[in-house]
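Peer 1: Pasting a structure below so you can have a look.
The numbers here are math on the coordinates, done by the rules we state, and not lab data. Because the structure is a prediction, the values reported are computed rather than measured. Cβ atoms come from the backbone with ideal geometry, glycine included; neighbour counts cover every protein chain shown.
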Amino acid sequence: MKSRVKIGRRKAIEEPEIIVIPMIDVMMFLLFFFMVASLAMAVQNGIPVNLPKASTGKDERSQTVTITLQPNGAIFLNTSPIKLDQLGAKLKALGVTSKTLVTVNSDDKVPYGTVVSVMDEARQAGVMAFAFATNRK
């Protein structure tokens, strides 16, 4: 008796599909990563100066207003250069209140009298809370 060889029919070739869900997961991960990374890089709004060192300094990351004093006499409100007599008006324009915390970035070579004059102008604008930026020892 002869044996018959069965030849099966070929299955239809399925068309390839693009699976989108893993790609969406990767894109969401990248979005969250870059959001967190950009928040970690935005520490302060001020101009970089050579800060004095203090062993009891704390990291404050919630400042809304920064006043920077440089040794050459330049004063900056956040990153905008201003003159001392304009400081009060600019602070009022920013909407500071008695609860607003103002960070003072003063170079260690700035005269003490200049720092007091800046604080006096800020107090006349309604600021009551100051924080002095320092580097840890």
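Peer 1: Which ordering of 119, 23 is given by a fewest-first count of other beta-carbon atoms within 10 Å?
Peer 2: 23, 119
Peer 1: Can you compute the modelled spin-label distance between residue 82 and residue 24, with each label point 7 Å from Cα toward Cβ, in nm?
Peer 2: My value for the distance between the label points is 4.8 nm.
Peer 1: If you average 1/r over all unlike Cα pairs in region 65-132 and invert the result, what Kirkwood radius do you get in angstrom?
Peer 2: 11.6
Peer 1: If you don't mind, there's one more thing I want to ask. Would you kindly state how much longer the chain becomes between residue 13 and residue 137 on full extension, computed as 0.36 nm times their sequence separation minus their alpha carbon distance, in nm to one decimal?
Peer 2: So the extension gain works out to 37.7 nm.
Peer 1: Please state the relative contact order of region 65-132 as a whole percent: Cα pairs under 8 Å, 6+ residues apart?
Peer 2: Relative contact order here is 40 percent.
Peer 1: Roughly how many nanometres apart are two label points built 7 Å out from the Cα toward the Cβ at residue 128 and residue 56?
Peer 2: 2.3
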